[in-house]
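To start, the structure itself, in structure tokens.
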Amino acid sequence: MRRLWNLYLRPRTVPEALRAIHEAPQPAAFIAGGTDLLLDIETGRHPRPHTLVDVTDVDELQALEVRGDRLFVGAAVPVARVAASPLVRTHAQALAEACALIAGPQVRNLATLGGNVAHALPAADGTIALVALDAQAEVASPRGRRRVPLETLFLGPGRSALGHDELLVGFYLPLARPGQASAFRRVMRPQGVALPILNAAVWLRREGDRVADVGIAMGPSGPVPRRLRATEAALRGHALTPERVAAAKEALLREARFRTSKFRASETYRRLLAGVLLEEALQTAWARAGTA
Ligand SMILES: Cc1cc2nc3c(=O)[nH]c(=O)nc-3n(C[C@H](O)[C@H](O)[C@H](O)COP(=O)(O)OP(=O)(O)OC[C@H]3O[C@@H](n4cnc5c(N)ncnc54)[C@H](O)[C@@H]3O)c2cc1C
């Protein structure tokens, strides 16, 4: 059988991982669960690497804990663990729900949140939830570490802004305060087939009958995962009346760029689903925030 790579390295720390990618014979790439990358190499969508640097033994990338006023989820945490984590279920329900819907159990045990983000697909479920939750990513490279808004990591479908020697360490999410909650919804072909027809993630802060603040993302609704800011603006500061929800749906259809994709759905179908998914996620987050 033809080998997909020549050298496979398993560093234990972030500095070791950065040194490995820097010193390895090129081309070299990080690998986590391999559920995207190995398929991409096999089908020629990714050039055949000489060296793969496996990041799943790096302790820091496996951490899932509260750090100060943030929840930290390491980039190499498998999505099955994210979905089952009581901390994630408390502070970031949308992320737990998104990760529980990715693929089937075997893939979920391997697939990592960092791989989901680095693969940069506009409908990736974990990524869409992180964007709505206003996550920040920690990125390490030989030039140091930086924390950046998640949305800045994407250049186009399947194209991340990460350099080949830049390692995603993990994601920081705000801890949920009273009156804050989130929710994730998706429409999909049978579970396990990959990527949704459409998904929606909503985070909100509720004050009485008012939406004090809100974050919304939907995938795919354009070439990159992003917040839908005009849709958010239609809701922010207003009571959640049926008229307001209708205004938000109109804003969504003006703002989102739905397209027809060969194997999943037509643009028309996605436009029909969009308002329904938005309303479901919105009302679920709203009800949760009322009891939080
Ligand atoms: C059958 C099947 C069903 C699927 N269903 C879904 C689905 O429903 N929803 C969904 O969103 N996705 C789905 N996927 C896609 C996939 O499982 C996810 O995107 C997964 O989270 C990728 O993580 P990974 O650890 O396997 O990444 P890998 O394949 O290991 O890596 C993916 C990319 O990320 C890079 N990378 C990985 N870790 C890092 C890091 N720490 N720092 C920098 N770069 C890194 C790699 O170099 C590579 O370019 C499915 C895949 C399969 C095979």
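Every number here is computed from the coordinates shown, using simple stated rules; none is lab data. The shown structure was predicted, so the numbers you read here are calculated from the model rather than taken from an experiment. Every residue, glycine as well, gets a Cβ built from its backbone with ideal geometry; the counts of neighbours run over all protein chains shown.
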Could you give me the ³J(HN,Hα) list for the stretch 4-21, computed from phi with Karplus coefficients 6.51, -1.76, 1.60 and θ = phi - 60°, whole Hz, x at Gly and Pro? 7, 8, 9, 10, 10, 10, 10, x, 10, 10, 4, x, 5, 5, 5, 5, 4, 5
Can you compute the charge dipole magnitude of the stretch 60-174 about its Cα centre, using +1 on each Lys and Arg Cβ and -1 on each Asp and Glu Cβ, nothing else charged? Give it in debye, rounded to the nearest 20. 100
Per residue of the chain, what 222 nm ellipticity follows from adding -39500 (n - 2.57) for every DSSP H run with n ≥ 4, rounded to the nearest 500? -10000 deg cm²/dmol
Which residue, I41, S221, A24, has the largest displacement toward the positive end of the dipole of the chain when charges sit on each Cβ (Lys, Arg +1; Asp, Glu -1)? S221
Can you classify the stretch 196-291 as rounded, prolate or oblate using the Cα gyration tensor, where a ≥ b ≥ c are the square roots of its eigenvalues, rounded means a/c under 1.5, and otherwise it's prolate if a/b beats b/c and oblate if not? prolate
Provide Rg and Dmax in Å for the stretch 32-170, with only Cα atoms included in the calculation. 14.2, 43
Cα lying deepest toward the dipole's positive end in the stretch 85-207, options L168, A123, A100, charges on Cβ: A100
Is the shape of the chain rounded, prolate or oblate, going by the alpha carbon gyration tensor and its root eigenvalues a ≥ b ≥ c, with a/c under 1.5 for rounded and a/b larger than b/c for prolate? prolate
Whole-Hz ³J(HN,Hα) from phi, Karplus 6.51 cos²θ - 1.76 cosθ + 1.60, for the stretch 141-156, glycine and proline x: 8, x, 8, x, 10, 9, 10, 10, x, 3, 4, 7, 8, 10, 10, x
In nm, to one decimal, how far is the modelled label at L4 from the one at R146, with both set 7 Å along Cα→Cβ? 3.0
G170's amide H: which non-local residues (gap 5+, or another chain) put their own amide H closer than 5 Å, with H modeled 1.01 Å from N in plane and none for Pro or chain starts? A75, E138
Long-range amide H partners of F30 with built H, under 5 Å: V53
Give the shape of the stretch 120-187 as rounded, prolate or oblate, defined through the alpha-carbon gyration tensor: a ≥ b ≥ c are the square roots of its eigenvalues, a/c under 1.5 means rounded, and otherwise the shape is prolate if a/b is larger than b/c and oblate if not. oblate
Amide H to amide H under 5 Å from V214: which residues, 5+ apart in sequence or cross-chain, H placed 1.01 Å off N in plane? R205
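Name the chymotrypsin sites (Phe, Trp or Tyr not before Pro) in the stretch 72-171 that are in a loop by DSSP and that have at most 11 other C-beta atoms within 10 Å, would you? Let's see the in-between values first.
Values: sites: F72, F154, F171; in loops: none.
Taking the stretch 72-171 and a limit of 11 other Cβ atoms within 10 Å, no loop chymotrypsin sites (Phe, Trp or Tyr not before Pro) are found.
Beta carbons within 10 angstrom, averaged per residue: use that to sort the peptides 269-280, 221-232, highest first.
Ranked from most to least packed, the peptides come out as 221-232, 269-280.
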Check: C-alpha center the stretch 106-171 vs C-alpha center the stretch 40-90, spacing in Å is 10
In debye, nearest 20: dipole of the chain around its Cα centre with unit charges on the Cβ of K, R (+) and D, E (-)? 520
I need to check one value: relative contact order of the stretch 66-112, counting alpha carbon pairs closer than 8 Å and at least 6 residues apart, in percent. 42
Mind listing the phi-derived Karplus ³J(HN,Hα) values for the stretch 257-262, rounded to whole Hz, using 6.51, -1.76 and 1.60 with θ = phi - 60°, and x for any glycine or proline? 10, 7, 9, 7, 10, 3
